[in-house]
């Protein structure tokens, strides 16, 4: 019984998480698809929503003049988006002055929107329904049981739609991904964090490493290398400022900033580095 209850609890938690993700996706699609209805025809003719990430909506805009104009209307647009969605979906807008094919984008949005909007048309098998009934059978609260059952059935249907549209399992887990992606969103974030951690660790162990040298140990882009180096430079600059007598922090900062090995450091290089960081402050 304990094992069964644990299985049910795990399944419910997983389905609840998937439900939240699916609702988020549906809300996102609704905003992208109904952009003109939300912001009006004039704004929609000059802009198009691209995607929503971490409550930030990225919008492609025809020209810099409209970028500036929409920036002034940001608060009003955010209010309209969240009112339309019925939830706090967007907290910020990022406008990009870039060319876009409005007709092509509309086709993509409509296809993605229909992918998430056709759940009700999917027929589940008796086995799938029985499995959901079995997993939810021990939930004594009838209202809660019905709601969880409904969410689990929707998730099964949504996964069927994904499979029919050539979605595949994430290379790292069982979550389904679109055919353009190798990893699901959660795994991509995790992989990015793991890579950043490896880059920082290498730079802490060997602060003099150049991009090419580090890349031979850990494959990364120059942007990833620079981002982590900037983080460490700021970190050690603060340590040096607050621990003036700690030579290790100072030497690490000098090696990081100049790409110099320990034997290449002298008083002149230390003073130049400190002077540059004082100016940056």
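Structure above, values below:
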| item | result |
| --- | --- |
| Residues of the range 252-281 classified as at pLDDT 90 or above, within 36 Å of the chain's Cα centre (by Cα) and in a helix (DSSP H, G or I), total | 7 |
| Counted residues, the range 161-184 - those being surrounded by fewer than 17 Cβ atoms within 10 Å (Cβ to Cβ) and more than 21 Å from the chain's Cα centre (by Cα) | 4 |
| All positions within the range 113-127 that are at pLDDT 75 or above and surrounded by 13 or more Cβ atoms within 10 Å (Cβ to Cβ) | 122, 124 |
| The range 207-221 - residue that is within 20 Å of residue 253 (Cα to Cα) and touching a helix residue (DSSP H, G or I) at 6+ places or on another chain (Cβ under 8 Å) and, of those, surrounded by the most Cβ atoms within 10 Å (Cβ to Cβ) | 207 |
| Test: residue 185 is within 30 Å of residue 168 (Cα to Cα) and touching a strand residue (DSSP E or B) at 6+ places or on another chain (Cβ under 9 Å) | yes |
| Unique residue being surrounded by 18 or more Cβ atoms within 10 Å (Cβ to Cβ) and in a helix (DSSP H, G or I) when the list is 149, 192 | 149 |
| Residue 248 vs. criteria assigned by TED's automatic domain parsing to the domain that holds residue 205, within 23 Å of residue 212 (Cβ to Cβ) and assigned to a helix (DSSP H, G or I) | no |
| Sole residue being free of Cβ contacts under 8 Å to residues at least 60 places away in the same chain, in the same structural domain as residue 28 (by TED's automatic domain parsing), surrounded by 18 or more Cβ atoms within 10 Å (Cβ to Cβ) and over 25 Å from the mean Cα position of the chain (by Cα), chosen from 81, 43, 52, 77 | 43 |
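The values are calculated or read from the model by the stated rules, or taken from the named source; none is laboratory data. Source: prediction; values computed, not measured. With ideal geometry, Cβ positions are generated from the backbone for all residues, glycine too; neighbour counts draw on all protein chains shown.
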